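Down below is the structure, laid out as structure tokens.
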Amino acid sequence: MPSNLTPYLFALAAGFVYTISALLAKRGLELGAGTVRSLVYSNLVMALCFLPYPMLANQSLGPDDLKAGGMIGLLFFAAQSSCFLALRSGDASMVTPIMGSKSVFVAFFLLLLGFSPNPIGLETWIAAILTAIAVALIGWPGRGSKPTVKGLGFALATAAGFGLVDAMVPHFSHLSDPFNVLFCMFASVGLLSFLLIPLSTGKFLAFRGQPDRWMWASCLPMGVQAVLMSIAIGFHNVPTEANVFYSCRGLWAILLVAWLGKKIGLSEGATPTETQLRRALGACLLLVGIYLVTLGDS
């Protein structure tokens with residue numbers, strides 16, 4: 001593992017901030033903020049957070065920036081949409097740890113796309129097996145509850161989508177100015193979000209009271225974590241390693257739901273202790289697997 005801790009500290013902070021955002025977003029979704037509305041507003045706030053980036057760049061925007069940023073932005077938009085569908089369909093303390101498998105997907109796509117010089121090692125295959133076991137532990141329903149297969153599927157799709165994005169960002173951002181590529185990426189995410197407005201149920205602009213307060217409270221930390229992760233992987237070519245620290249959000253999600261879930265009224269706040277412990281064990285196995293991926297990738 002490289003000695004430079006800067007990207008890892010940014011990724012660690014991003015994971016914690018993301019967990020807070022996910023819990024707030026989940027509460028807003030439960031109260032009726034609307035999945036499409038929440039996704040659009042979150043993406044627009046996220047795009048606004050990247051407006052200063054071109055002013056920090058050493059060169060002006062070019063066609064290559066628009067092409068690379070637009071392509072990655074489209075993938076990010078698809079993954080972000082899957083993320084909100086996962087949160088709507090499953091518990092945040094189930095969805096968030098499963099999305100920690102993103103690091104395994106990052107390593108896989110780095111090798112598949114030829115962005116990593118290393119072949120697939122034994123550590124990666126062991127990590128894949130541990131990831132499968134971890135997903136089973138986290139996603140297995142508790143007593144008297146039905147399996148949230150839909151939430152599980154969307155969470156895995158989200159992990160794969162964001163894994164592909166994180167594998168592509170360091171490569172393409174270093175072919176140009178990272179500030180420009182990242183700006184184009186999130187600008188395209190914001191623009192694509194307008195296409196979803198007709199799919200929203202009810203009046204899109206109408207304020208919905210308590211649900212929207214939770215929704216707006218989740219938007220800013222979502223934008224902040226995107227900026228933090230853009231620094232961690234866009235300016236440092238260590239996407240897999242940075243995701244090790246980012247994936248700690250899985251454990252934080254379980255801990256925060258256990259501590260904060262009932263306080264903010266989350267329906268999963270009453271999840272049985274047995275289920276929470278099983279999910280924590282799964283999250284720990286996932287982190288072990290991710291660490292093995294890092295060993296194989298270094």
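The values are calculated or read from the model by the stated rules, or taken from the named source; none is laboratory data. Predicted model, so just to flag it, every value in this text is computed and none were measured. Using ideal geometry, Cβ is built from the backbone for each residue, glycine included, and neighbour counts are taken over all protein chains shown.
Here are some notes:
- Test result for P211, assigned to a helix (DSSP H, G or I), without any contact (Cβ under 8 Å) to a residue 40 or more places away in the chain and over 22 Å from L286 (Cβ atoms): no
- Among the residues of the stretch 62-74, those identified as surrounded by 21 or more Cβ atoms within 10 Å (Cβ to Cβ) and under 21 Å from the mean Cα position of the chain (by Cα) are A68, G69, I72, G73.
- Counting only residues that are modelled with pLDDT of 90 or more, over 23 Å from K26 (Cβ atoms) and either part of a loop (DSSP other than H, G, I, E, B) or among the basic types (K, R) (or both), the stretch 174-204 holds 1 of them.
- In the stretch 17-34, residue farthest from the chain's Cα centre (by Cα) [restricted to those that are surrounded by fewer than 20 Cβ atoms within 10 Å (Cβ to Cβ) and either among the hydroxyl-bearing types (S, T, Y) or assigned to a helix (DSSP H, G or I) (or both)]: L31
- Residue satisfying all of: in the stretch 47-65; of a type in the set (A, V, I, L, M) and either part of a loop (DSSP other than H, G, I, E, B) or modelled with pLDDT of 95 or more (or both); farthest from F194 (Cα to Cα) among these: A57
- Members of the stretch 82-109 found to be over 14 Å from the mean Cα position of the chain (by Cα) and either modelled with pLDDT of 90 or more or part of a helix (DSSP H, G or I) (or both), listed by number: R88, S89, A107, F108, F109
- Output for the stretch 37-61, where each listed residue is in contact with a Ser or Thr (Cβ under 7 Å, 6 or more places away or on another chain) and surrounded by fewer than 20 Cβ atoms within 10 Å (Cβ to Cβ): L44
- In this structure, A79 does satisfy being within 16 Å of the chain's Cα centre (by Cα) and either modelled with pLDDT of 90 or more or crowded, with 17+ Cβ neighbours inside 10 Å (or both).
- Filter pass, V169 being closer than 27 Å to I290 by Cβ, of a type in the set (V, I, T), modelled with pLDDT of 95 or more and surrounded by 20 or more Cβ atoms within 10 Å (Cβ to Cβ): no
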